[in-house]
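The values are calculated or read from the model by the stated rules, or taken from the named source; none is laboratory data. Note that the coordinates shown come from a computational prediction; the quantities given were computed from them, not determined experimentally. We place every Cβ from the backbone using ideal geometry, glycine too, and count neighbours over all the protein chains shown.
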Amino acid sequence: MLTLYDNLDSGNGYKVRLLLRLLGIPFDRVEMDIWAGATRTQTFLARNPNGRIPTLALEDGTHLPESNAILAYLADGTPYWPADRLARAQVLQWMFFEQYSHEPFIAVSRSLLRHQPESPERAAKLDALKPKGLDALGVMETHLAGRAWFVGDAVSIGDIALFAYTHVAGEGGFDLGPFANITAWIDRIRALPGFTPMTQP
Ligand SMILES: N[C@@H](CCC(=O)N[C@@H](CS)C(=O)NCC(=O)O)C(=O)O
């Protein structure tokens, strides 16, 4: 049985537990209190020296960290990882985009609003993150014009990676109202068989 070290508030964790449920793969889930340093203990650092969730423990005892690497591992041999060479590279393109141009702005804004007390410093950080987060949403909105999914005509792990923090962008202060294509795409993901919401343990 797979074991996912996870945190219910984490979009990075949610990517993995969502894909596991979409694929119908059973797993054990270990909730980690990341705010109390649970990922920085010697025991956990032996599993992931980077001290972060999600980390997936495989049946053979291997520990695999990094949400998007875990998605690639789980999706191999499934429709979530396309057969076509260029399509696979394009899925990776959107997963790298998610980690470099999206998550650092949208997820970090959400984390500041949820876990840091209001202060002038927090407001300044949020102001700095806002335009970059809006840029990422703008790129997604433009790409989704006339498209149902990020790559080709089927849902892939590129969509799952981007969905996790996009659908809760409002909690980071980003109004999705003006982004009609993104909103329709979010509804398509929510309609997938096996879909489970972020807060479902
Ligand atoms: N690039 C990593 C980011 C993982 C990450 O930042 N995890 C956060 C929760 S979203 C964490 O474990 N924080 C706890 C800590 O830094 O101690 C991924 O995609 O998995």
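Per-structure values
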| item | result |
| --- | --- |
| Qualifying position, being free of Cβ contacts under 8 Å to residues at least 60 places away in the same chain, surrounded by fewer than 12 Cβ atoms within 10 Å (Cβ to Cβ) and assigned by TED's automatic domain parsing to the domain that holds Ile186, among Ala124, Ala136, Ala148 | Ala124 |
| Flag for Arg110 being surrounded by 13 or more Cβ atoms within 10 Å (Cβ to Cβ), within 16 Å of the ligand (Cβ to nearest atom) and of a type in the set (D, E, K, R) | yes |
| Restricting the range 3-38 to residues that are touching a strand residue (DSSP E or B) at 6+ places or on another chain (Cβ under 8 Å) and in a helix (DSSP H, G or I), the residue that is surrounded by the most Cβ atoms within 10 Å (Cβ to Cβ) | Val16 |
| Any hit, the range 164-179, residues being assigned to a helix (DSSP H, G or I) and hydrophobic (A, V, I, L, M, F, W, C) | yes |
| Single match in Ala38, Ala83, Ala72 (criterion: under 24 Å from Val155 (Cα atoms) and within 12 Å of the ligand (Cβ to nearest atom)) | Ala72 |
| Filtered residue count, the range 48-60, keeping only those that are within 12 Å of the ligand (Cβ to nearest atom) and either crowded, with 20+ Cβ neighbours inside 10 Å or assigned to a strand (DSSP E or B) (or both) | 5 |
| Some residue of the range 186-200 being buried (at least 16 other Cβ atoms within 10 Å of the Cβ) and of a type in the set (Asp, Glu) | no |
